[in-house]
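Notes for the one structure printed next.
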Amino acid sequence: MQTVRNRVADILGIDLPIVQAPMNYIAGHALAAAVSAAGGMGVLGPNAGKVQGESSMRERTLREFSRIREVTDKPVGINVVVPDGDNKAALMYARNTVEAAAEGGATAAFCVGGLQPSIFELIKSKGMKLVVRPLTPTV
């Protein structure tokens with residue numbers, strides 16, 4: 001496979017400087033695994049793999065990463081919605097998302113929303129790359 005080196009690819013440990021959009025619901029294990037296997041950075045989106053009636057984000061996240069790892073061992077990320085302010089439930093959800101993703105083998109976290117140093121420190125402590133981006137990115 002041909003690689004394209006640039007700072008983004010070097011930081012994320014990927015062969016091609018392509019980062020898949022973490023689209024809500026549709027950016028599940030199949031898309032993330034395909035992008036990562038092809039040399040880019042696959043990213044699980046919010047609610048990836050969610051089925052009606054399922055409530056455990058942790059179990060869902062671990063299942064999605066297990067399915068990704070059946071296809072590839074290349075770097076893969078998770079989208080983390082970071083709350084703005086002191087919403088304790090939302091902060092705990094973000095923290096649990098990071099914990100489950102790290103356990104599942106995520107190598108990067110793509111954070112949108114608020115700026116929460118405690119979440120960012122947790123991501124770094126898990127050995128994951130931290131990318132903070134606007135909720136609606138532009139070129």
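With respect to the conditions (1) of a type in the set (S, T, N, Q); (2) open to solvent by 70 Å² or more (accessible area, probe 1.4 Å); (3) touching a residue at least 40 places away in the same chain (Cβ under 8 Å), Thr97 falls short on a single one, namely (2). Could you go through region 74-88 and let me know if any residue there is farther than 26 Å from Gly114 by Cβ, surrounded by fewer than 17 Cβ atoms within 10 Å (Cβ to Cβ) and out of contact with any Asp or Glu (no Cβ under 9 Å at 6 or more places or on another chain). Within region 74-88, not a single residue is farther than 26 Å from Gly114 by Cβ, surrounded by fewer than 17 Cβ atoms within 10 Å (Cβ to Cβ) and out of contact with any Asp or Glu (no Cβ under 9 Å at 6 or more places or on another chain). For region 24-36, filtered to residues that are in contact with a strand residue (DSSP E or B) (Cβ under 9 Å, 6 or more places away or on another chain) and in a loop (DSSP other than H, G, I, E, B), the residue that is most open to solvent (accessible area, probe 1.4 Å) is Asn24. Can you name the number of the only condition in (1) touching a Gly at 6+ places or on another chain (Cβ under 9 Å); (2) under 17 Å from Met128 (Cα atoms); (3) not charged (D, E, K, R) that Cys111 fails? Against the list (1) touching a Gly at 6+ places or on another chain (Cβ under 9 Å); (2) under 17 Å from Met128 (Cα atoms); (3) not charged (D, E, K, R), Cys111 comes up short only on (1).
Consider Lys124 carefully, then state whether it is over 27 Å from Asp15 (Cβ atoms), open to solvent by 40 Å² or more (accessible area, probe 1.4 Å) and within 16 Å of the chain's Cα centre (by Cα). Considered against the rule, which asks whether it is over 27 Å from Asp15 (Cβ atoms), open to solvent by 40 Å² or more (accessible area, probe 1.4 Å) and within 16 Å of the chain's Cα centre (by Cα), Lys124 comes out as no.
Looking at the structure I just gave you, is Ile26 farther than 16 Å from Leu12 by Cβ, without any contact (Cβ under 8 Å) to a residue 40 or more places away in the chain and in contact with a Leu (Cβ under 8 Å, 6 or more places away or on another chain)? Considered against the rule, which asks whether it is farther than 16 Å from Leu12 by Cβ, without any contact (Cβ under 8 Å) to a residue 40 or more places away in the chain and in contact with a Leu (Cβ under 8 Å, 6 or more places away or on another chain), Ile26 comes out as no.
Would you pick out the residues in region 37-61 that are of a type outside the set (Val, Ile, Thr), in a helix (DSSP H, G or I), open to solvent by less than 40 Å² (accessible area, probe 1.4 Å) and in contact with a helix residue (DSSP H, G or I) (Cβ under 7 Å, 6 or more places away or on another chain)?
Met57
Across region 39-59, the number of residues qualifying as in contact with a Ser or Thr (Cβ under 9 Å, 6 or more places away or on another chain) and among the basic types (Lys, Arg) comes to 1.
The values are calculated or read from the model by the stated rules, or taken from the named source; none is laboratory data. Nothing here was measured: the structure is a model prediction, and the numbers come from that model. Here the Cβ is made from the backbone with ideal geometry for all residues, glycine too, and neighbour counts use every protein chain on show. Side chains included, ligands, DNA and RNA excluded: accessible areas come from the protein's heavy atoms. Shrake-Rupley method; radii C 1.70, N 1.55, O 1.52, S 1.80 Å.
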